[in-house]
Amino acid sequence: MGTIEVVYLKWPRDLHYSYEATVLGEDDFGVWMRCDEGGQVFKGGELAFTRPYALLSLVPHGPAWWSSLWYPPSEDDLEVYVDINTPPVWMSSTAVEMVDLDLDVEAKRDGTVEVLDRDEFEANQNALAYPADISARAERAVFDVTEMIRTGAEPFGSACHPWYRSCFPG
């Protein structure tokens, strides 16, 4: 399929995290990718860590204010991690960028859904001067994603299953 460079920036456009992912395919929800075991993740342009296992990733279509990672079945606790970010922008056919807005939603295999990094978001609203509309959209995205996960709304329902199986066969 091809490799995509996934770039997360910090407000307003400072390099945050970046990594490569392999495109699995695309559907109505977005572009599904596999982040390979052993893949390198960079923070601020420097190697931050090497992935200990593969992950399934979704960069959604449309004006979604999030992106997500599904963890492998071998991960007993964590199932889905959702970054709250500005809508993804395709810079080319092989690169996508979004601005990380600190907040994250984590879904565990036991059904627990948690919002993470609220303190970082609140601090950065002032320190990085997030515009009021950006902060409000981030808060709305947290609410929407949390409800989508809790209710099994797509793509957090069954839409991810074929992609999950292709990412983690067996």
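Counting Lys and Arg as +1 and Asp and Glu as -1, what is the net charge of the other residues whose Cβ lies under 13 Å from the Cβ of residue 160?
-2
Can you tally the net charge around residue 75? Count Lys and Arg as +1, Asp and Glu as -1, for every other residue whose Cβ sits under 14 Å from the Cβ of residue 75.
Values: positive: 51, 108, 109; negative: 37, 76, 77, 79, 106, 110.
That sum, taken over residues with Cβ under 14 Å, equals -3.
Filter the chymotrypsin sites (Phe, Trp or Tyr not before Pro) in the stretch 26-79 to those in DSSP coil with at most 10 other Cβ atoms within 10 Å of their Cβ, and list the result.
Sites meeting the loop and neighbour criteria: none at all.
Divide by every residue of the chain the summed helix terms, -39500 (n - 2.57) for each DSSP H run of at least 4, and state the resulting mean residue ellipticity at 222 nm, rounded to the nearest 500 deg cm²/dmol. Can you show the working numbers first?
Values: 3 runs with 37 residues, N = 170.
Taking each H run of at least 4 residues, the total per residue is -7000 deg cm²/dmol.
Dipole of the stretch 4-69 (Lys/Arg Cβ +1, Asp/Glu Cβ -1, origin at the Cα centre): which of 65, 55, 16 lies farthest to the positive side?
16
Provide, as a two-decimal number, the C-alpha radius of gyration of the stretch 4-96 over 2.2 N^0.38 Å, N being how many residues it has. Write down the numbers at each step before the final one.
Working: Rg = 12.9 Å, N = 93, 2.2 N^0.38 = 12.3 Å.
Taking N as the residue count of the stretch 4-96, the ratio is 1.05.
Which residue fluctuates the most in the chain, going by a Gaussian network model with Cα springs under 10 Å, if the choices are 99, 145, 41?
Maximum fluctuation in the GNM of the chain, among the listed residues, is at 41.
Give me the net charge of residue 3's neighbourhood, meaning all other residues with Cβ under 11 Å from the Cβ of residue 3; Lys, Arg count +1, Asp, Glu -1. List each step's numbers first, then the result.
Details: positive: 34; negative: 5, 20, 36.
Here the count lands on -2.
From Cα pairs below 8 angstrom and at least 6 apart in sequence, can you work out the relative contact order of the chain, rounded to a whole percent?
Averaging sequence separation for qualifying contacts and normalising by length gives 18 percent for the chain.
Report the rotationally averaged projected area of the chain based on its alpha-carbon convex hull, in square nanometres. Mind showing how you got there, number by number?
Working: hull surface 38.3 nm².
For the chain, the mean projected area of the Cα convex hull comes to 9.6 nm².
Which GluC sites (Glu not before Pro) in the stretch 1-108 pass both tests, a DSSP loop state and at most 16 other beta-carbon atoms within 10 Å?
Details: sites: 5, 20, 26, 37, 46, 75, 79, 97, 106; in loops: 37, 75.
Those that pass, being in a loop and sparsely packed, are 37, 75.
Counting trypsin sites (Lys or Arg not before Pro) as exposed when in a DSSP loop with at most 14 other beta carbons within 10 Å, what is the longest stretch of the chain free of them?
Values: sites that count: 13, 109.
With trypsin sites (Lys or Arg not before Pro) excluded where exposed in loops, the chain gives 14-108 as its longest stretch.
Since every read-out is calculated from the coordinates, none of them should be taken as a lab result. Note that the coordinates shown come from a computational prediction; the quantities given were computed from them, not determined experimentally. We place every Cβ from the backbone using ideal geometry, glycine too, and count neighbours over all the protein chains shown.
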